[in-house]
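Structure first, commentary second.
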Amino acid sequence: MPDVDPRIEGLRTEALAALASASDEAGLEQWRITFFGRQDGRVSALLRSIRDVPADQRAAFGAAANAVKVELEGALEARQEGLKSAALKALTTEAALDVTLPGRPQPLGRLHPVTQTMRDCLTAFQEMGFRVAEGPEVEWARYNFDAARIPEDHPARDMWDTIWVNTLIDGERNMLLRTHTTPNQVRVMERTPEPPVRVVVPGKCYRQEATDATHEWMLTQIEGLAVDEGVRMTDLKGVLYGWARKMFGADRKIIFHHSYFPFVEPGVEMAIDCFICRGSGSACHTCHGTGWIEILGAGMVHPEIIENAGYDSSKVTGFAFGLGVERVALLRWGIEDIRNFYANDLRFLSQF
Ligand code: FA5
């Protein structure tokens, strides 16, 4: 602009240089006040000075001053936009997803070792023709005890007379957390009008227990029941051997010895050789020095129970068993203490 008044040109050059060096919003605001502030702004003052210019030069001066005002306003706007987009760009590059960083692993859940063992047991029995049924955890005393031939005054009741869930009704407590899955023998027979019956019933049971390496107050059992013509003790042993071989392999030792349960006659217990001491250590905490770990009770269903179910005990016989799933899991994996299962320590649980 060769003919432009040097005052205008000087102001223009100075203002553009100052704008270029303003590097943030605060700097731009300062620049705006310096040049466009209503009172003392230098561009505002320049525009005010138009009236003092001699009349013959006023039009040219005024046009040049206004042109500079418009140019500087545009420059401010452009600089504001420039700073804004630079800030945005910096933000998106700094905060952007860095695909080269290693991810945060999400831990995968898995089935609890007792659930895994329960499912494997059920599969083994299903392969032998048993079907799976369920029964209630909160049970009537009538099913838990009386129907299983454990009357009120029977000594066997002391062992299991445990977690009642109701107060006295007519002087009696009649509902409790089941202590075993045996009540399901009667429950299943009641809803099966005619034998054959071949069923396994898994579920949690609860006992008042002085806990130790093989005893918990909450345990999982699987009840087995087979009732038909000609069912014998050898069938029971065959089924249990077949299942044990599947669960523990062929080289584990199995022992049956006589035991007493009011709901079977005869009654037995089945035990597996202790994986910790192999029968040698008298100080073994897991088997208490016996060399064996008991995993189930079993026997031939008492004829009175068969009759009570409405079946003819002169025609049909049955076997039943109740196995402890936690004990099976202990033996499978060589776990020394049953209390690990429900301590909820992921370092333990994630090993299975
Ligand atoms: C019974 O519960 C009988 N109802 C089993 C039965 C069924 C016998 C059918 C005959 C015919 P027992 O109390 O022994 O029996 O328990 C059976 C199994 O459950 C034991 O062998 C053991 O493996 C497991 N078990 C018992 N108590 C506990 C406990 N406190 N903690 C962990 N497992 C247990």
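The values are calculated or read from the model by the stated rules, or taken from the named source; none is laboratory data. Bear in mind that the values here come from a model prediction, so they are computed numbers and not experimental data. Using ideal geometry, Cβ is built from the backbone for each residue, glycine included, and neighbour counts are taken over all protein chains shown. Quick note on the areas: whole protein, heavy atoms, side chains included, nothing else; ligands and nucleic acids left out. Shrake-Rupley method; radii C 1.70, N 1.55, O 1.52, S 1.80 Å.
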* Calculate the dipole size of the stretch 220-327 relative to its Cα centre from +1 charges on Lys and Arg beta carbons and -1 charges on Asp and Glu beta carbons; express the result in debye to the nearest 20. => 580 debye
* Using θ = phi - 60° and the Karplus relation 6.51 cos²θ - 1.76 cosθ + 1.60, list the HN-Hα couplings for the stretch 310-324 in order, rounded to whole Hz, with x at every Gly or Pro. => x, 9, 8, 6, 7, 10, 10, 10, x, 10, 9, 8, x, 10, x
* Asked: With the calculation restricted to Cα positions, what are the radius of gyration and Dmax of the stretch 210-352 in angstrom?
  -> 17.0, 55
* To do: Could you pull out every residue, at least 5 positions away or on a different chain, whose amide H is within less than 5 Å of the one on Ile295? Hs are placed 1.01 Å off N in the peptide plane, and Pro or chain starts have none.
  => Met270, Ala271, Ile272
* Asked: How big is the charge dipole of the stretch 113-349 about its Cα centre, in debye rounded to the nearest 20, if each Lys and Arg gets +1 on its Cβ and each Asp and Glu gets -1 on its Cβ?
  -> 820 debye
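Given the DSSP H assignment, sum -39500 (n - 2.57) over each helix run of at least 4 residues in the chain and divide by its residue total; what's the result at 222 nm in deg cm²/dmol, nearest 500? Let's see the in-between values first.
Values: 12 runs with 144 residues, N = 352.
Theoretical 222 nm ellipticity from helices: -12500 deg cm²/dmol.
Leaving ligands and nucleic acids out of the surface, order Leu349, Leu91 by accessible area at 1.4 Å, largest first.
Values: Leu349 25, Leu91 110 Å².
Most to least solvent-accessible, the answer reads Leu91, Leu349.
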* **Volume per residue of the C-alpha convex hull in the stretch 6-93, rounded to whole Å³** => 75 Å³
* Each residue of the stretch 129-135 in turn: what ³J(HN,Hα) in whole Hz from Karplus with 6.51, -1.76, 1.60 and θ = phi - 60°, glycine and Pro shown as x? -> x, 8, 9, 9, 10, 10, x
* To do: Work out the length of the dipole vector of the stretch 6-93 about its Cα centre, built from +1 on the beta-carbon of each Lys and Arg and -1 on the beta-carbon of each Asp and Glu, and round it to the nearest 20 debye.
  => 140 debye
* Label-point separation (nm) for Lys246 and Glu73, each offset 7 Å from Cα along Cα-to-Cβ? -> 9.0 nm
* In square nanometres, what is one fourth of the surface area of the convex hull spanned by the alpha carbons of the chain? -> 37.0 nm²
* Using a Gaussian network model of the chain whose springs link C-alpha atoms within less than 10 Å, name the residue from Val227, Val53, Val301 with the highest mean-square fluctuation. => Val53
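Leaving ligands, DNA and RNA out of it, report the carbon-plus-sulfur percent of the accessible area of the chain at a 1.4 Å probe. Numbers along the way, then the final one.
Working: 10370 of 19620 Å².
Within the chain, the accessible surface is 53 percent carbon and sulfur.
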* For Val132, residues with placed amide H under 5 Å, excluding near neighbours -> Val200
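Indicate the gyration tensor shape class of the stretch 183-274 (rounded, prolate or oblate), computed on the Cα atoms with a ≥ b ≥ c the square roots of the eigenvalues: a/c under 1.5 is rounded; otherwise a/b larger than b/c is prolate and the rest oblate. Walk me through the numbers before you get to the answer.
Numbers: a/c = 1.83, a/b = 1.20, b/c = 1.53.
It is oblate, given that a/c is not under 1.5 and a/b is not larger than b/c.
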* Vicinal HN-Hα couplings computed from phi for the stretch 262-267 (Karplus, 6.51 cos²θ - 1.76 cosθ + 1.60; Hz; Gly/Pro x) -> x, 9, 10, 7, x, x
